[in-house]
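Right, one structure below, let's go through it.
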Amino acid sequence: MDYKAAFETAVEQVKGEGRYRVFADLKRYRGDFPRAAWTRDDGSQSDVVVWCSNDYVGQGQNPIVTDAMHKAIDEAGSGSGGTRNISGTTHYHVELESELAKLHGKEAALLLTSGFVANEAALATLAKVLPGLIVYSDALNHASMIAGIRNGGAERHVFRHNDLQHLESMLIDAPIDAPKLIAFESVYSMDGDIADLAGTVALAKKYNALTYLDEVHAVGLYGLRGGGVAERDGVLDQIDIIEGTLGKAFGVMGGYIAGDTMLVDTIRSYAAGFIFTTSLPPALTAGALASVRWLTEHNEVRIRHQERAETLKRRFIEVGLPVMPSVSHIVPVLVGDPVHCKLISDMLLHDHNIYVQPINYPTVPRGTERLRFTPTPFHTDAMMDDLVGALDALWSRCNVKRLGGYAA
């Protein structure tokens with residue numbers, strides 16, 4: 001077996017499809033978000049404006065957060081010391097879990113090292129501790145949810161995206177006494193649409209199913225206190241398990257689940273992704289704790305965030321750019337071809353000092369390649385002027401349809 005040749009073939013296949021990913025070498029400027037320094041291949045640098053960060057409200061730059069992280073390093077050092085079961089549980093972990101449980105109106109929460117790990121560990125564990133579990137998964141659920149469901153080995157059914165009639169047609173066929181779990185997201189990060197939480201909860205009650213809600217693109221951003229879409233829609237107390245992240249709106253890193261005490265204790269006791277992983281270091285947990293507490297009290301940030309997103313959508317529509325329907329802070333613009341998507345992204349960076357990554361397969365289905373913009377409270381009108389002007393010119397230059405995406 002020529003291993004190197006096999007690897008080369010695999011990479012060349014991705015390149016041949018026009019979806020090979022090139023990572024921009026960026027260094028953010030503290031206190032000047034969303035600006036960053038971009039280092040080219042020749043070593044030269046340019047200042048760029050970042051338009052695709054999941055640090056949705058700039059908490060990674062908030063002095064409240066960074067000061068807490070510095071303080072934790074001074075007090076406790078760098079590493080956590082091990083897994084949570086050995087010596088990796090610190091007072092920072094305990095405080096943060098308590099704060100996250102309170103944020104979501106739950107009895108308990110459990111920290112894990114990332115949102116991906118939280119989903120994979122929790123969903124796989126639920127399948128193993130609930131014999132005969134049947135899982136119902138939205139067709140556009142994140143890869144981490146799909147991995148957890150598959151790894152759990154439970155019977156699974158995929159319902160059409162946000163189609164509650166299709167979901168009910170599956171639930172009604174299941175044995176009445178079988179344990180059931182509905183796994184879905186609130187904000188779907190590539191299309192920007194939002195699930196019908198109240199409708200899903202009603203079905204779960206009707207068919208005696210647990211609800212598992214991924215709120216990673218909503219925590220900190222929706223609801224009066226940032227408790228997510230479940231808080232905004234008044235159903236926090238009716239969702240059984242909430243999964244969230246510390247790496248997006250909260251600006252740090254890590255994942256978590258929140259629910260009742262026995263459920264969380266079960267995940268803590270059985271999930272390999274929790275048991276055998278070194279815990280988050282004190283600096284991260286202290287920074288996240290400060291971020292959650294601060295963002296809970298500053299709803300004006302969420303209001304400004306939503307205004308910026310709506311303004312950018314309107315500005316794009318005014319010049320005839322194909323903005324995909326979105327009811328959230330996600331602003332996707334359809335290109336519909338991987339080569340052109342990357343071409344426009346490269347031109348924005350090289351010619352206009354604007355950074356936005358192309359979103360290609362397998363993140364989105366083939367033929368729906370797009371540029372995904374995530375305006376923050378710190379993106380100014382002047383920045384929007386530059387972006388809209390550049391995109392308007394490039395859409396014509398690259399012969400991309402104003403409606404419906406790529407033109408051959």
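General observations
- The single condition among (1) part of a loop (DSSP other than H, G, I, E, B); (2) over 30 Å from Met69 (Cα atoms) that Asp346 does not satisfy is (1).
- The stretch 201-233, residues that are on the phi > 0 side of the Ramachandran plot, touching a helix residue (DSSP H, G or I) at 6+ places or on another chain (Cβ under 8 Å) and open to solvent by 10 Å² or more (accessible area, probe 1.4 Å): Gly223
Yes/no per residue for (1) at positive phi; (2) of a type outside the set (A, V, I, L, M):
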residue: Val331; (1), (2): no, no
residue: Pro338; (1), (2): no, yes
residue: Ile344; (1), (2): no, no
residue: Leu348; (1), (2): no, no
residue: Asn353; (1), (2): yes, yes
residue: Arg366; (1), (2): no, yes
residue: Leu387; (1), (2): no, no
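- Unmet requirement for Pro362, which otherwise passes all of (1) open to solvent by 10 Å² or more (accessible area, probe 1.4 Å); (2) of a type outside the set (Lys, Arg); (3) within 16 Å of Glu307 (Cβ to Cβ): (3)
- Scope the stretch 69-83; condition modelled with pLDDT of 95 or more, over 29 Å from Tyr29 (Cα atoms) and surrounded by 14 or more Cβ atoms within 10 Å (Cβ to Cβ); matching residues: Thr83
- Residue in the stretch 375-385 that is touching a residue at least 24 places away in the same chain (Cβ under 8 Å) and among the small types (Gly, Ala, Ser) present: no
- In the stretch 152-171 there is at least one residue matching the filter, namely being crowded, with 17+ Cβ neighbours inside 10 Å, of a type in the set (Lys, Arg) and in contact with a Lys or Arg (Cβ under 9 Å, 6 or more places away or on another chain).
- Filtering the stretch 1-45 to residues that are open to solvent by less than 70 Å² (accessible area, probe 1.4 Å), touching a Lys or Arg at 6+ places or on another chain (Cβ under 9 Å) and not aliphatic (A, V, I, L, M) leaves Glu17, Gly18, Arg19, Pro34, Trp38, Thr39.
- The one condition in (1) open to solvent by 40 Å² or more (accessible area, probe 1.4 Å); (2) of a type in the set (Gly, Ala, Ser); (3) in a strand (DSSP E or B) that Ala198 fails to fulfil: (3)
- Flag if Val48 is assigned to a helix (DSSP H, G or I) and open to solvent by less than 60 Å² (accessible area, probe 1.4 Å): no
- Check on Gly367, open to solvent by 20 Å² or more (accessible area, probe 1.4 Å) and part of a helix (DSSP H, G or I): no
- Filtered by the rule that a residue be closer than 25 Å to Asp42 by Cβ and either charged (D, E, K, R) or open to solvent by 30 Å² or more (accessible area, probe 1.4 Å) (or both), the stretch 314-346 gives Val339, Lys342, Leu343, Asp346.
- Single unsatisfied condition, Thr66 versus (1) among the polar types (S, T, N, Q); (2) closer than 30 Å to Ala290 by Cβ; (3) open to solvent by 70 Å² or more (accessible area, probe 1.4 Å): (3)
- Taking every residue in the stretch 156-178 that is in contact (Cβ under 8 Å) with a residue 40 or more places away in the chain and pairing it with any residue that is open to solvent by less than 40 Å² (accessible area, probe 1.4 Å), at least 6 positions away or on another chain, the pairs with Cβ-Cβ distances below 9 Å are Ala174/Ile134; Ala174/Tyr136; Ala174/Lys180; Ala174/Tyr207; Ala174/Ala209; Ala178/Leu133; Ala178/Ile134.
The values are calculated or read from the model by the stated rules, or taken from the named source; none is laboratory data. Treat the numbers as computed from the prediction; the structure is a model and nothing was measured. All Cβ positions, even for glycine, are placed from backbone atoms using ideal geometry, and neighbour counts span all protein chains on display. Surface accessibility is based on the protein's heavy atoms, side chains included, excluding ligands, DNA and RNA. Shrake-Rupley method; radii C 1.70, N 1.55, O 1.52, S 1.80 Å.
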